Structure formats: structure tokens, C-alpha cells
Amino acid sequence: MAIERVLYLLGAGFSAPLGLPVMSNFLMKSKDQFAERSSEYAFFPDVFHLVERLSKIKNVYDTDLFNIEEILSILEMESALRGEPLKQQFLDYLCAVIRHYMPTIPAPVLAQPAPSNWYEVLFRGGPAGAYALFTANLFRLRITRHRVIAAPGMRGEFSAASELTPTRYSVVTLNYDEVLEGAAQALTEWFEGEQRFVTTWDAEDADWARGPYLAKLHGSVADGRIVAPTWSKGIDQVVLPAWQLAYRLLAGATQIRIIGYSLPLADAYVKYLLKAAALDSDRLKQIDIVCLDPDGTVRRRYEDFLDFPNVRFQAGEALMYVLGAGRTGYHYDRDQDSALFQGLEFGHQQFMAT
């Protein structure tokens, strides 16, 4: 049986339902954050002061000084022409805001001992629980309940391990946040067995058996090594290994699913990455896009960009997509008292058909 390699390309819209800031509300959310914990973020007023200085631009040009990408792009242009790097203060600010709004993945609430339908209630816990279930599906986890244990409890009572199903998953993300890594860490803490994304390409793993792989094109708040969201964003030495991994994943994918990414006009570098990866792609069958699109402009951008026969576009919120996958998220084996979480395919097709 041929292996399906499904690549998820995630934009800011994927994480936004969890309360994480996007470019358009980043500044306002950071001001709320500072109002709550001003002593912890004592350097924020310096950032706010520089942003206020930019208001002079509005006397001459139309500009959106609530959009952090526009703000930082102007400041970076000014710094570059003065022969100066963008201040580290701004990168620290970006990381601090995203870390502040990172959600906590709630632990499953199970009676002790676990109920007979434990696999149905395991990931209930609002949106964050749904993202944990989505991550369990990416790992193709088989979670098994052990009936004879010394002490009841999730880590002692359950174990989890990835299973080599015919469909394998990997992720390329433009987000700095650790939503998926946080969910994987939560799964590791809840159940025996370690779940970790692979961030280095393995040339011997053409079928992604050792995945899921995760490539973060703009870096991560985990170590603070990020590329600022400005006009010059693209391949930086800090994130070059992630771009190389993303290239390999896009080239090897048999299906590409783009979630929460509106294909902004300024992001030409993403388009060139996709085009470059197409040079080595020989089994791509389907491209599906899920993104909010209140006025139809996102669909038109994709229609102008893509010239591929098998493309589907669904205007919708990422949370509804994640929840849809979760409702069909498991196959229960009564004999083993185990659940294999591989519901993304059925859930995906249902969502795209609505």
C-alpha cells in the first residue's frame, strides 16, 4: 500500500482560536498584558514609545499603526538604512507577548478508575483539549489502558505510542508559538511514552515513519531565536535548517493542507518556497485550504497563485476544523482496551465537503 504523506502548512489563524495574538491585534493585546503585570514587563513602555513616534507618518501616508508587522517593518527599514540591526528589544517583546498568551493544555478529567468509555472523554476540555486531540492524531497515537496497575492515574494507567499507519503527517508552520509542542509535551506528561516532533530531516526516512516532522519557518519562542515579521522576513541563518526541512517536507508531500494562512501579498518568500519544492515533487495529489475569508479576497489570492487541478478552498475557522477532526478521532479496540487516534482523514474530508 502506498504511503500518504500529508503536510499541514499552518498560519496565524491556526493558533488564533486559542487566544494567541495575530498581527492586527498584537499591540493591543500587549498593552492589556502590560496593564495586568507591568512590573514583569518593565521594558514594554520603551516599545510603546517608539510606536507612538511613528504616528508622524500618518501626516503623510496611510499606515496601520495597530498592525505589528507594519510597525516593525517601518522600524527595520529605518534601522537598516542607518546601518543598525533591529533592536533585540523588539524580538524580546514579541516573544514575551506570545509566551504570555500561550494556552495551558488541560489534563483529561477522568474518574478513578477510568470509565469504560475513557477514549470518548479523554480530550474534553474546550478548544485547548481539541488541539491536544489534533496533535494525538498527528502522532497517530495508540493509547492503551492497562487494567492491572499498582496505582490508578493517567501516567500509570495509560501508555501511548505512535503507530505506523498508511497515512503519515508533518507540519510546516509560520507561527512562533508552541501550541503543537505544548500539546505533545502534555501527552508525554499524561501517558507513559514520549511524544516529540522531529525537527531535523532524516534522508533515510522518505515515508516519514519517524515523524511527525515540524519545521518552524520563523523560529520559536522556545529559545527566543525568531525572525521578526517585517518586509525583509525570509531565510535567515537562524532558521535556515527549518527552511531546509520545510523544503524536503513540501517536496515529499502527497497532500498539502493549508490551515489559517491567508497568503498575504507581502509573503512572496512563502510562494517561492512552495514553487521551489514543486521542482522535486512527483506525487502531489491534492491541495486544500481552510481560512477565514469574509470578503472573498483570500480565495482570489489562492486562485491567482495556484494552477493545480485538485484544489479545494473552504472559508472557515481553524477551531471548527480541529473540532471536526476530533469528533471522528479514534478507533477503539475492545480486546486491547486501546484507542488508535487516526481520525484526521475522515474529519478532513467531512469538513471540506460542508
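What's the total number of residues in region 296-316 that are over 25 Å from Ala130 (Cβ atoms) and part of a helix (DSSP H, G or I)?
Pass one, region 296-316, residues over 25 Å from Ala130 (Cβ atoms): 296-297, 299-311.
Narrowing further to those that are part of a helix (DSSP H, G or I): 297, 299-305.
Of the residues in that region, 8 qualify.
Check whether at least one residue in region 252-259 is closer than 19 Å to Val172 by Cα, touching a Pro at 6+ places or on another chain (Cβ under 6 Å) and assigned by TED's automatic domain parsing to the domain that holds Gly11, and report yes or no. Walk me through it before giving the result.
Let us first name the residues in region 252-259 that are closer than 19 Å to Val172 by Cα, namely 252-259.
Of the ones still in play, those that are also touching a Pro at 6+ places or on another chain (Cβ under 6 Å) are none.
Within region 252-259, not a single residue is closer than 19 Å to Val172 by Cα, touching a Pro at 6+ places or on another chain (Cβ under 6 Å) and assigned by TED's automatic domain parsing to the domain that holds Gly11.
Ser38 is checked against (1) modelled with pLDDT under 95; (2) in a loop (DSSP other than H, G, I, E, B); (3) among the hydroxyl-bearing types (Ser, Thr, Tyr) and fails just one. What number does that condition carry?
Evaluating Ser38 over (1) modelled with pLDDT under 95; (2) in a loop (DSSP other than H, G, I, E, B); (3) among the hydroxyl-bearing types (Ser, Thr, Tyr) leaves (1) as the failure.
Could you grab me the full set of residues in region 273-295 that are in a loop (DSSP other than H, G, I, E, B) and not aliphatic (A, V, I, L, M)?
Applying the first criterion (in a loop (DSSP other than H, G, I, E, B)) to region 273-295 yields 279-285, 292-295.
Passing the criteria: Asp280, Ser281, Asp282, Arg283, Lys285, Asp293, Pro294, Asp295.
Of Ala150, Ala107, Ala96, which residue is of a type in the set (A, V, I, L, M, F, W, C), assigned by TED's automatic domain parsing to the domain that holds Gln33 and either modelled with pLDDT of 90 or more or out of contact with any Ser or Thr (no Cβ under 7 Å at 6 or more places or on another chain) (or both)? Let's see the steps before the verdict.
Working: Ala150 fails: assigned by TED's automatic domain parsing to the domain that holds Gln33; Ala107 fails: assigned by TED's automatic domain parsing to the domain that holds Gln33.
Ala96 is the lone residue from the list that is of a type in the set (A, V, I, L, M, F, W, C), assigned by TED's automatic domain parsing to the domain that holds Gln33 and either modelled with pLDDT of 90 or more or out of contact with any Ser or Thr (no Cβ under 7 Å at 6 or more places or on another chain) (or both).
Within region 242-269, restricting attention to residues that are farther than 24 Å from Ala203 by Cα and over 15 Å from the mean Cα position of the chain (by Cα), which residue is modelled with the lowest pLDDT?
Of everything passing the filter in region 242-269, Ala266 is modelled with the lowest pLDDT.
Among the residues of region 161-177, is any at pLDDT 95 or above, charged (D, E, K, R) and closer than 21 Å to Cys95 by Cα?
Yes; the residues of region 161-177 include at least one that is at pLDDT 95 or above, charged (D, E, K, R) and closer than 21 Å to Cys95 by Cα.
Kindly provide the set of residues from region 168-187 that are assigned to a strand (DSSP E or B) and not charged (D, E, K, R), ordered by number.
Going residue by residue through region 168-187, those that are assigned to a strand (DSSP E or B) are 168-173.
Matches in region 168-187: Tyr169, Ser170, Val171, Val172, Thr173.
Just checking, how many residues over region 224-235 are hydroxyl-bearing (Ser, Thr, Tyr) and surrounded by fewer than 16 Cβ atoms within 10 Å (Cβ to Cβ)? Don't jump to the end; show me each part of the working.
Initially, region 224-235 is screened for residues hydroxyl-bearing (Ser, Thr, Tyr), giving 230, 232.
Imposing the further condition that a residue be surrounded by fewer than 16 Cβ atoms within 10 Å (Cβ to Cβ) reduces the set to 232.
Within region 224-235, residues that are hydroxyl-bearing (Ser, Thr, Tyr) and surrounded by fewer than 16 Cβ atoms within 10 Å (Cβ to Cβ) number 1.
Would you mention how many residues in region 1-47 are acidic (Asp, Glu) and either surrounded by 22 or more Cβ atoms within 10 Å (Cβ to Cβ) or touching a strand residue (DSSP E or B) at 6+ places or on another chain (Cβ under 8 Å) (or both)? Spell out how you get there, then give the answer.
Here is the first cut: in region 1-47, the residues acidic (Asp, Glu) are 4, 32, 36, 40, 46.
From the residues that got through so far, the ones that are either surrounded by 22 or more Cβ atoms within 10 Å (Cβ to Cβ) or touching a strand residue (DSSP E or B) at 6+ places or on another chain (Cβ under 8 Å) (or both) too are 4.
Selection size over region 1-47: 1.
Consider region 317-345. How many of its residues are farther than 16 Å from Thr144 by Cβ, modelled with pLDDT under 90 and not in a loop (DSSP other than H, G, I, E, B)?
5
Name the residue that is modelled with the highest pLDDT, counting only residues in region 184-220 that are charged (D, E, K, R) and under 16 Å from Thr144 (Cα atoms). Spell out how you get there, then give the answer.
Keep residues of region 184-220 that are charged (D, E, K, R), which gives 189, 192, 194, 196, 202, 204-205, 207, 210, 216.
Pick out the ones that are also under 16 Å from Thr144 (Cα atoms) and you get 189, 192, 194.
Numbers: Glu189: 89, Glu192: 86, Glu194: 92.
My answer is Glu194.
Does at least one position in region 94-114 carry a residue that is buried (at least 19 other Cβ atoms within 10 Å of the Cβ), of a type in the set (Ser, Thr, Tyr) and not in a loop (DSSP other than H, G, I, E, B)?
No: zero hits.
Just to verify a result, which residue in region 188-223, among those that are assigned to a loop (DSSP other than H, G, I, E, B), touching an Asp or Glu at 6+ places or on another chain (Cβ under 7 Å) and in contact (Cβ under 8 Å) with a residue 40 or more places away in the chain, is surrounded by the fewest Cβ atoms within 10 Å (Cβ to Cβ)? Steps first, please.
Our first condition is that a residue be assigned to a loop (DSSP other than H, G, I, E, B); within region 188-223, this holds for 191, 193-197, 199-212, 217-218, 221-223.
Checking the rest, the ones that are also touching an Asp or Glu at 6+ places or on another chain (Cβ under 7 Å) come to 197, 210, 221-222.
Checking the rest, the ones that are also in contact (Cβ under 8 Å) with a residue 40 or more places away in the chain come to 221-222.
Numbers: Val221: 20, Ala222: 15.
Filtering first and then ranking leaves Ala222.
Can you tell which of Leu274, Leu279, Leu344, Leu319 is in contact (Cβ under 8 Å) with a residue 12 or more places away in the chain and surrounded by fewer than 13 Cβ atoms within 10 Å (Cβ to Cβ)?
Values: Leu274 fails: surrounded by fewer than 13 Cβ atoms within 10 Å (Cβ to Cβ); Leu344 fails: surrounded by fewer than 13 Cβ atoms within 10 Å (Cβ to Cβ); Leu319 fails: surrounded by fewer than 13 Cβ atoms within 10 Å (Cβ to Cβ).
Every option except Leu279 fails the conditions.
Considering only residues that are loosely packed, with under 13 Cβ neighbours inside 10 Å and either closer than 19 Å to Glu4 by Cα or outside the structural domain of Ala12 (by TED's automatic domain parsing) (or both), which ones fall in region 284-294?
Answer for region 284-294, where residues must be loosely packed, with under 13 Cβ neighbours inside 10 Å and either closer than 19 Å to Glu4 by Cα or outside the structural domain of Ala12 (by TED's automatic domain parsing) (or both): just Lys285.
Report yes if some residue within region 248-268 is basic (Lys, Arg), assigned to a helix (DSSP H, G or I) and surrounded by fewer than 17 Cβ atoms within 10 Å (Cβ to Cβ); otherwise report no.
No: zero hits.
Suppose we keep only residues that are closer than 20 Å to Lys31 by Cα and more than 23 Å from the chain's Cα centre (by Cα) within region 75-93. Which one would you say is surrounded by the fewest Cβ atoms within 10 Å (Cβ to Cβ)?
Here is the first cut: in region 75-93, the residues closer than 20 Å to Lys31 by Cα are 75, 87-93.
The next check asks that each one be more than 23 Å from the chain's Cα centre (by Cα); those that pass are 75, 87-89.
Values: Leu75: 20, Lys87: 16, Gln88: 9, Gln89: 13.
Checking each candidate, the answer is Gln88.
The rows are residues; the columns are (1) touching a residue at least 24 places away in the same chain (Cβ under 8 Å); (2) small (Gly, Ala, Ser); (3) under 28 Å from Asp223 (Cβ atoms); (4) out of contact with any helix residue (DSSP H, G or I) (no Cβ under 6 Å at 6 or more places or on another chain).
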position	(1), (2), (3), (4)
Ile71	yes, no, yes, no
Gln89	yes, no, yes, yes
Pro103	yes, no, yes, no
Val121	no, no, no, yes
Thr135	yes, no, yes, no
Ile143	yes, no, no, yes
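The values are calculated or read from the model by the stated rules, or taken from the named source; none is laboratory data. Since this is a predicted model, take the numbers as computed values, not measurements. Neighbour counts are summed over all protein chains in view; Cβ atoms, including those assigned to glycine, are modelled from backbone coordinates with ideal geometry.
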